Amino acid sequence: MSAGRLVRAFSAAAGAVMLAGLAGCSVSHDMRTMDNHGSGVRTGWREPGQRGEESECAARVGPVQWIGPQREADRRALADWCAAAGPPVWRPIPDRRIESGEGARALMVVTWNVHVGGGDLPGFLADAFGWDCDAPRPSLAGGPFVLLVQEAFRASEVVPEVPEGARVADRIAEEPPAGPRMDIVHAAERCGLSLLYVPSMRNGRAAGELGRADRGSAILSTLPLLDPVGIELPLEAQRRVVVAATVTGPGGEPLRLASVHLDVAGNLLRVLGTGGSMRVRQAEGLTEALDLLDPDRALPTVVAGDMNTWSASETVILRMLRAYPDSPDPGDGQTRGSWPADHIFFRAGDGRFELVDGSYVILESDYGSDHRPRRFVLRWP
C-alpha cells in the first residue's frame, strides 16, 4: 500500500473511531455503587413517561444493591432501555419445606439460558435435580441447588407502558415443549423456590398473550438468597443487568453467585469504538463491580451464564479465567448450536469450597430452549 493510501486509510479509521466515541462507544468503564434510596446519584432509571433529567433508577429496586457504569454516555443510553422495564423481584426464602438426603453438603450449580419462555423449567428441575414442582414436600437426595438463568421473562402489570423515546427489544415468545409458557415469577412460585430477578429490557413494545413483559437474568434456589445485587454492565448492543446473591451452607460459610448474559455483537460504530472488545468490556465491568463488593476477593464466588462466545479461547474467557482461577477447564463443549456459549467460573477466595472432580458437564437436553444447561458441583466445607 502506498504512503498516500495508508494515510487515507488511517484517517478514515480515525474518523470512524471518533464518530464511535461521539456515539457513546468506549473501552472504559467506571463502575460505581449507587444509592438505592434516591439521594444524589443519577442512575438513569426514569419513571414511565418522564424525559429529560434522569430520575433515580435505584429508587425502584428496593432492597437490591445497585452497581453500574458512571460514564455519562452509558448512563443516558441505559436510561432509555430501562425506562420501559419493570422493577426487580426478590423473594429470599423458598416456599417449600425441603428434605435433604446424605448429599446435603454438595451444592449443584447450573446455568441455563431459557430462551424467553421456551425452556420447560419444571421438566428441567425434575430431571436435573429430582425436584417435583407439584410435590408439597420435594426431596433433595442430591443436595441443594442454585439455578442461574438468562433470558427469563416476567409478565406483569408492574411492567409499565412504553414511555416516549424508550428503547425496546423485539418480542421473543417461545413455547415450551410441554405445558404452558410460564414466566419466571410464576415458575418460582409453583416450584417453591427463592428468586432474584432483575429485568434488562422490555420484551416487545406491545403486550403479548400474558400481558406486558420484560426479560433479564435470574437466580432460583432451594436455599435462601441473601444480599441481592443488580449490576448494570457497560452498554454495548443492549442493556444487560447481572444478578448476584449469596447463599450459605450447613456450616454457615457464604458463597456469592452471579448470573450473567453478555452481548453477542454490537453495531459497526460500537465495534470500531471498542476495537471489537464488547464482551471483554462488559466482563471487566462485571469483575470491577464484584470487586467493589469484595475488594480482597476473599468471598468464594461463582459467575456463570451465557457469554455468547464462539470459542473457549476468546479473550473474554481467558480474562475470566484469570479473575476466577479455580474455574474448571472451559473445554470446547457446545451449548448453543455449534458454539461454546455458556460457561461457569469459580474463585475459592478464602473459603474452603472444592469443585467436585468430573462434575462440570453439559446436560444432554435443551428442554425446549436454544441452549443446553451447564452444571458443576461444589462440596461444602
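Looking at the structure I just gave you, is Pro177 farther than 29 Å from Leu299 by Cβ and at pLDDT below 95? In short, yes. For the range 209-236, the set of residues classified as assigned to a strand (DSSP E or B) and closer than 14 Å to Thr248 by Cβ consists of Ser221, Leu226, Asp227, listed by residue number.
Could you please let me know if Glu236 is over 22 Å from Phe129 (Cα atoms) and in contact with a Cys (Cβ under 9 Å, 6 or more places away or on another chain)? Outline the logic, then answer.
Numbers: over 22 Å from Phe129 (Cα atoms): yes; in contact with a Cys (Cβ under 9 Å, 6 or more places away or on another chain): yes.
Judged against the criteria, Glu236 is a match.
When Ser327 is tested against (1) of a type in the set (Ser, Thr, Tyr); (2) in contact (Cβ under 8 Å) with a residue 60 or more places away in the chain; (3) under 19 Å from Ala258 (Cα atoms), only condition (2) is not met. Among the residues of the range 292-309, those that are surrounded by 21 or more Cβ atoms within 10 Å (Cβ to Cβ) and either within 23 Å of Ala265 (Cβ to Cβ) or among the acidic types (Asp, Glu) (or both) comprise Val303, Ala304, Gly305, Asp306, Met307, Asn308, Thr309.
Is one or more of the residues making up the range 352-372 more than 21 Å from Gly143 (Cβ to Cβ), basic (Lys, Arg) and part of a loop (DSSP other than H, G, I, E, B)? Yes; the residues of the range 352-372 include at least one that is more than 21 Å from Gly143 (Cβ to Cβ), basic (Lys, Arg) and part of a loop (DSSP other than H, G, I, E, B).
Look at (1) part of a loop (DSSP other than H, G, I, E, B); (2) surrounded by fewer than 19 Cβ atoms within 10 Å (Cβ to Cβ) and you find that Pro330 fails only one, number (2). The residues on offer are Ala237, Ala265, Ala245, and the sole one that is of a type in the set (Gly, Ala, Ser), in contact (Cβ under 8 Å) with a residue 24 or more places away in the chain and either surrounded by 21 or more Cβ atoms within 10 Å (Cβ to Cβ) or over 27 Å from Arg71 (Cα atoms) (or both) is Ala245. Checking the stated criteria, Gly351 turns out not to satisfy the condition of being under 18 Å from Asp370 (Cα atoms), surrounded by fewer than 22 Cβ atoms within 10 Å (Cβ to Cβ) and more than 17 Å from the chain's Cα centre (by Cα). Cβ separations smaller than 8 Å between residues 6+ apart or across chains give the following pairs from the range 106-133 residues that are under 11 Å from Pro177 (Cα atoms) to residues that are outside any loop (DSSP other than H, G, I, E, B) and of a type in the set (Phe, Trp, Tyr): Gly117/Phe153; Gly119/Trp112. Comparison of Ala289, Ala312, Ala323, Ala283 shows that the only residue that is surrounded by 15 or more Cβ atoms within 10 Å (Cβ to Cβ) and touching a Ser or Thr at 6+ places or on another chain (Cβ under 6 Å) is Ala323.
Within the range 297-304, at least one residue is at pLDDT 95 or above, out of contact with any helix residue (DSSP H, G or I) (no Cβ under 9 Å at 6 or more places or on another chain) and outside any loop (DSSP other than H, G, I, E, B).
When every residue of the range 140-151 is checked against the conditions, at least one turns out to be more than 28 Å from Ala85 (Cβ to Cβ), crowded, with 22+ Cβ neighbours inside 10 Å and not β-branched (Val, Ile, Thr).
The values are calculated or read from the model by the stated rules, or taken from the named source; none is laboratory data. All values derive from a computational prediction rather than experimental measurement. Counting neighbours? That spans all protein chains shown, and the Cβs are built from the backbone with ideal geometry, glycine included.
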